[in-house]
Structures are given as C-alpha cells and as structure tokens.
Amino acid sequence: MRSGAGEPEPHATGTLRPAAVLVLLIDSDDGPSILLTKRATALANYPGVLVFPGGSAETGDDGPVATALREAAEETGIDSTHVHIIGSLPPVELPATRFLVTPVVGWCTRLQLTDMFNPQEVAATVQIPLRNFATTSDELRRPAAISTTGCQYSVEGTAVGEMTATVIDALLDHER
C-alpha cells in the first residue's frame, strides 16, 4: 500500500480512463468491516454485483482520493468528513470497461450515512467483517477453484466483483 493521497504513476496504456473506489474499513466488534454496494440491476456493467463504491474521475476532482470520496458520497450518502484516508493501492486495469481504477483505502470508527444515495446506481449497501472473507461459511464463500483472471466471492448468493475480490485478497494478505 502506498501512503498518502498521491496520484498513481503514469501508465503505459494511455487509453484507460481514470477512476477510483473507496475501500472503507469500518471499526466494528468483529474487527474491521468493509463497506460494499450492491449495484442496481438496471446497470449495464456488473448489475446486481457487490463492489466498492466509486467511479470515474471528473474534471474538478483533485486526484483519486477526491474521486473516491465524491463517488462514495453520491452512491451511498456517506459523510466523508468521518473518513480518514490511509493511502492507496496500485491502480488496477479494467480493460473491459476501459478504466484504470485506484483503490483508495480509508478508515472510520462509525459509519455515517445520510439519507441521500443514488438508487439508479446502488440497490443496497452492506457491511461485512473483513475476517469473514478468510472463512468458508455458507453466507460468504470463496470457491475452491480460482480462475486465472482473478478471485471470486459470494455473499448470501450475491457475487462480489472480481476487482473488489482481488483488493479484499490483497488486504487479507497484508493482514497475515
């Protein structure tokens, strides 16, 4: 994990659009939990899938941290003044959607959501203890066979996006 809120290093592809997601760790009785959004089923990309809140950079954004916080606020109604930025992970290429996504890692002691969120993009928000991803329970399952394109999880029958699962695995590897 890189410290600070700096820009990702220049990338050779040049054709990928910058984007960022907020990997929000929330203090809980079960250790840190992760905030995920269930994408609305009407969306073209990843409908009904659990992912980190985030999206495409806009002209007024001052880097990936600003993008991740703005998008998370728009999608979930999170009060970003209660989010403490820890740093970011290396950007992830998503060639299918033509994005270069920077995972921005944040922490909060108590999740503050407002009533304002975007139901056109988000069907629901969920908080899942990070340690649950290291287990193989019925509620959260990691298949025995991992594809060469990445890892997969499902939570109560809902798929977790491939990039989201890859970032969660990186967090678990860092924890070990």
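The values are calculated or read from the model by the stated rules, or taken from the named source; none is laboratory data. Quick caveat: nothing in here was measured; it's all calculated off a predicted structure. Counting neighbours? That spans all protein chains shown, and the Cβs are built from the backbone with ideal geometry, glycine included. Heads up: the accessible areas ignore ligands, DNA and RNA and are worked out on the full protein's heavy atoms, side chains in. Shrake-Rupley method; radii C 1.70, N 1.55, O 1.52, S 1.80 Å.
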Subject >> Residue list for the range 70-96, filter: over 15 Å from PRO18 (Cβ atoms), touching a helix residue (DSSP H, G or I) at 6+ places or on another chain (Cβ under 9 Å) and assigned to a strand (DSSP E or B) >> reply: ILE78, ILE85
Original post:
So, in the range 42-63, of the ones that are farther than 23 Å from ARG110 by Cα and either of a type in the set (Ser, Thr, Tyr) or outside any loop (DSSP other than H, G, I, E, B) (or both), which residue ends up most open to solvent (accessible area, probe 1.4 Å)?
Top reply: THR59
**OP:** Within the range 94-109, track down each residue that is more than 14 Å from the chain's Cα centre (by Cα), open to solvent by 50 Å² or more (accessible area, probe 1.4 Å) and at pLDDT 85 or above.
**Re:** ARG98, THR109
**OP:** Kindly establish whether LEU22 is at pLDDT below 90, under 25 Å from ASP173 (Cβ atoms) and in contact with a helix residue (DSSP H, G or I) (Cβ under 7 Å, 6 or more places away or on another chain).
**Re:** no
Original post:
For the range 112-133, does any single residue satisfy the condition of being modelled with pLDDT under 95, in a loop (DSSP other than H, G, I, E, B) and under 24 Å from ALA170 (Cβ atoms)?
Top reply: no
Subject >> Options SER88, SER80, SER137; residue that is crowded, with 16+ Cβ neighbours inside 10 Å and modelled with pLDDT under 90 >> reply: SER80
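I want to confirm something. Restricting to the range 155-169 and keeping residues that are of a type in the set (Val, Ile, Thr) and within 17 Å of PRO47 (Cβ to Cβ), which single residue is surrounded by the most Cβ atoms within 10 Å (Cβ to Cβ)?
Once the filter is applied, the top-ranked residue is THR164.
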